[in-house]
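The values are calculated or read from the model by the stated rules, or taken from the named source; none is laboratory data. Here the structure is a predicted model, which means the values were calculated and not measured. Ideal geometry is used to build each Cβ from the backbone, glycine not excepted, and the neighbour counts take in all protein chains shown.
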Amino acid sequence: MERKVAIVGAGTSGLLACKYALSRGFKPIVFESRGGIGGVWIKTVETTKLQTPKPVYQFSDFPWPASVTEDFPNQHQVFDYIESYARHFDLLKHIKFNTKVLGIEYEGPSEEEMQCWSLWGGNGEPFSSNGKWRIQVQDTQLTSTDDQVYHVDFVILCIGRFSDVPNIPEFPQNKGPQAFHAKVIHSMDYSAMDYKSAAEFVKGKQVTVVGFQKSALDIAMECSNANGVEKPCTVIYKTEHWNVPDYLPWGFPLAFLYLNRFSELLVHKPGEGILLSLLATMLSPLRWAISKFVESHIKKKLRLAKYGMVPKHSFLQEISSCLISTMPEKFYDRVEEGSIVLKKSANLSICQDGVLVDGEVNPRKTDLVILATGFRGDKKLKDIFLSSIFKDIVFGSPNAAMPLYRECIHPRIPQLAIIGFSESVSNLYTSEMRCRWLSELLDGTFKLPSIKEMEKDVRKWDNYMKEYSGQYYRRSCIGALHIWYNDQLCKDMGWKPKRKKSFFAELFEPYGPMDYAVLN
Ligand SMILES: Cc1cc2nc3c(=O)[nH]c(=O)nc-3n(C[C@H](O)[C@H](O)[C@H](O)COP(=O)(O)OP(=O)(O)OC[C@H]3O[C@@H](n4cnc5c(N)ncnc54)[C@H](O)[C@@H]3O)c2cc1C
Ligand SMILES: NC(=O)c1ccc[n+]([C@@H]2O[C@H](COP(=O)([O-])OP(=O)(O)OC[C@H]3O[C@@H](n4cnc5c(N)ncnc54)[C@H](OP(=O)(O)O)[C@@H]3O)[C@@H](O)[C@H]2O)c1
């Protein structure tokens with residue numbers, strides 16, 4: 001009997017899910033609310049480039065074309081690459097564009113019955129003869145006003161964590177955007193404008209940007225390009241970060257310090273045995289020294305002490321939280337000349353004339369506020385479920401990382417997988433590994449353990465994330481432990497986890513997508 005698989009989203013994760021489902025003989029249907037593929041790469045701000053070096057942000061069976069010589073290609077190059085991948089594997093015909101999934105509902109056993117299950121879906125299988133997902137979709141171009149309904153056996157949610165739903169800070173009463181004389185927008189609105197309109201929009205305005213991650217840094221740079229010292233751009237931030245000027249601390253490749261098996265020996269790993277645990281404890285001084293080595297390079301190169309921008313947390317925490325943003329070139333030169341002004345403030349409120357920050361009585365005069373405060377992927381994910389129980393459990397409790405087994409399967413939501421929510425060194429590479437694992441699961445290559453076992457494993461990863469990512473554990477980052485994580489996927493699939501040719505290469509060479517290019 002043909003099993004129907006639906007994929008929601010046609011960004012990099014959805015395309016990968018489609019390609020690997022096809023490779024196992026399924027005929028997936030992909031719902032995409034926009035008119036094209038590529039997700040976040042369809043449109044970005046003008047200066048956006050890949051932050052992850054190109055060899056790591058690469059499909060394992062479809063290398064970057066030789067014509068792209070840059071290590072950090074720009075948005076158009078990334079988009080073209082993704083599009084050629086989709087064309088090469090003939091994925092477009094499986095996608096229903098301009099089709100937004102309004103909600104999904106599980107039709108099958110009752111919620112009481114599901115709570116008694118000891119195996120995922122009641123039988124430990126990805127499919128069940130008793131349960132189906134009902135998917136309600138809407139034509140976003142409104143060529144048809146009636147919502148349509150599909151019934152499928154398995155759903156793969158690839159709806160993206162960093163798009164569509166903005167994270168808007170909570171403001172004190174009457175001290176939010178409504179009090180301001182001018183506009184308050186989110187980075188997502190700025191990024192949606194064409195380049196010319198965006199440049200005209202900020203030109204001649206005193207802009208305040210809120211946030212200190214990649215969107216904030218890039219937008220502040222664009223504002224300073226447009227307005228110089230005449231109308232400086234103020235950046236209001238809560239936390240200093242180890243944003244990197246390059247990937248070569250003191251000339252030594254960062255990947256050799258954090259992305260090889262040796263670096264993973266220095267940290268405690270979920271599910272490690274006593275020997276590995278002892279080793280990680282014994283090697284902790286080295287772990288500390290490596291972090292200091294990288295920090296000293298960033299501090300010196302960016303002159304962080306001079307600008308009071310030295311983070312309080314370690315570089316290890318930054319990389320373990322997947323928060324390594326690349327610093328736009330000459331950012332601190334702009335701070336030096338005064339076209340970018342940095343202001344730390346834990347609280348933020350807005351009044352008629354401008355923005356109020358900690359320690360200042362008068363508002364900072366502002367003509368435009370851009371909130372580069374990130375996204376609410378959690379909300380987007382919750383909203384897609386119609387059942388209140390699934391809405392409640394999908395993102396887990398507020399004081400735990402997202403409870404996904406192998407960062408793909410919620411132990412208590414049957415016949416469904418979520419790809420692209422836990423972060424990594426390269427989200428494309430990680431999504432590809434997950435989609436391969438998932439396609440093997442769908443094909444019956446391996447079985448999942450009991451719900452109890454899966455939840456135990458999820459708790460171990462949660463402990464790891466809390467230990468190494470600090471306050472950012474909810475980003476569910478596996479970046480600094482991605483080889484250990486991939487090993488588990490490989491073992492499940494029956495692949496050889498060790499992919500290198502020699503003992504030394506295995507220990508010291510960084511891992512990337514091409515290590516998994518050849519199966520088994
Ligand atoms: C500007 C920017 C630059 C980035 N740069 C990097 C980088 O350099 N390196 C890196 O590793 N990561 C980077 N990221 C992280 C990035 O999110 C991933 O690399 C990746 O491309 C995300 O792919 P995705 O498919 O998981 O999600 P998305 O690209 O967000 O795609 C999700 C898709 O789902 C669709 N969708 C959502 N909801 C519905 C619905 N209800 N019905 C139908 N369709 C729906 C959306 O329209 C979208 O097309 C960047 C993110 C941003 C925003
Ligand atoms: N390739 C590229 O060039 C590129 C460009 C843009 C985005 N991206 C990627 O896209 C993803 C999203 O990036 P992003 O920069 O949009 O979001 P983000 O990484 O989630 O960062 C959000 C920023 O807003 C701050 N913030 C959140 N809530 C706040 C509040 N209530 N008040 C004040 N500040 C608040 C955060 O502060 P704290 O630091 O204190 O938490 C953080 O600095 C990331 O993965 C990023 O790497 C990549």
| Which condition does Ser277 not pass, out of (1) of a type in the set (Ser, Thr, Tyr); (2) farther than 20 Å from Ala505 by Cα; (3) out of contact with any His (no Cβ under 8 Å at 6 or more places or on another chain), if it passes all the others? | (3)
| field | Qualifying residues in the range 1-45 (those that are of a type in the set (S, T, N, Q) and not in a loop (DSSP other than H, G, I, E, B)) - the one farthest from ligand 2 (Cβ to nearest atom) | value | Ser23
| said: I'd like to know if the range 329-340 contains one or more residues that are within 16 Å of ligand 2 (Cβ to nearest atom), buried (at least 18 other Cβ atoms within 10 Å of the Cβ), modelled with pLDDT of 95 or more and closer than 22 Å to Val210 by Cα. | reply: yes
| field | Every residue from the range 192-209 that is under 22 Å from the mean Cα position of the chain (by Cα) and either exposed (fewer than 15 other Cβ atoms within 10 Å of the Cβ) or under 22 Å from Val355 (Cα atoms) (or both) | value | Val209
| task | Select from the range 95-141 the residues that are surrounded by 20 or more Cβ atoms within 10 Å (Cβ to Cβ) and assigned to a loop (DSSP other than H, G, I, E, B) and list them in ascending order. | result | Pro126
| field | Test for Phe62: is it within 27 Å of Glu509 (Cα to Cα), more than 11 Å from ligand 1 (Cβ to nearest atom) and of a type in the set (Phe, Trp, Tyr) | value | yes
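Being in the same structural domain as Gln115 (by TED's automatic domain parsing), modelled with pLDDT of 95 or more and buried (at least 21 other Cβ atoms within 10 Å of the Cβ) is the requirement here; does Asn486 meet it?
no
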| said: Kindly evaluate Phe72 against the criterion of being part of a helix (DSSP H, G or I), within 16 Å of ligand 1 (Cβ to nearest atom) and over 21 Å from Leu438 (Cα atoms). | reply: no
| message | Can you list the helices (runs of 4 or more DSSP H) lying wholly within the range 254-328 that have 2 or more residues being under 26 Å from Asn427 (Cβ atoms)? | response | 254-258, 261-265, 284-302, 315-320
| task | Could you list, in sequence order, all residues of the range 384-430 that are out of contact with any strand residue (DSSP E or B) (no Cβ under 8 Å at 6 or more places or on another chain), within 14 Å of ligand 1 (Cβ to nearest atom) and more than 19 Å from Leu448 (Cβ to Cβ)? | result | Gly420, Glu423, Ser424, Val425, Ser426, Asn427, Tyr429, Thr430
| task | Pick out, from the range 183-253, the strands (runs of 3 or more DSSP E) lying fully within it that include 2 or more residues that are more than 16 Å from ligand 2 (Cβ to nearest atom). | result | none
| Qualifying position, being away from ligand 1 (no atom under 16 Å from the Cβ) and under 30 Å from Phe508 (Cβ atoms), among Val244, Val267, Val207 | Val267
| task | May I ask you to list the residues in the range 434-469 that are within 15 Å of the chain's Cα centre (by Cα) and under 20 Å from Pro55 (Cα atoms)? | result | Arg434
| message | The conditions are (1) surrounded by 19 or more Cβ atoms within 10 Å (Cβ to Cβ); (2) more than 16 Å from ligand 1 (Cβ to nearest atom); (3) touching a residue at least 60 places away in the same chain (Cβ under 8 Å), and Leu157 fails exactly one of them. Which is it? | response | (2)
| task | Specify which of the listed residues (Ile478, Ile451) is surrounded by fewer than 21 Cβ atoms within 10 Å (Cβ to Cβ), in contact with a helix residue (DSSP H, G or I) (Cβ under 7 Å, 6 or more places away or on another chain) and of a type in the set (A, V, I, L, M). | result | Ile451
| message | Of everything in the range 417-452, what is part of a helix (DSSP H, G or I), within 16 Å of ligand 2 (Cβ to nearest atom) and not aliphatic (A, V, I, L, M)? Give them in sequence order. | response | Asn427, Tyr429, Thr430, Ser431
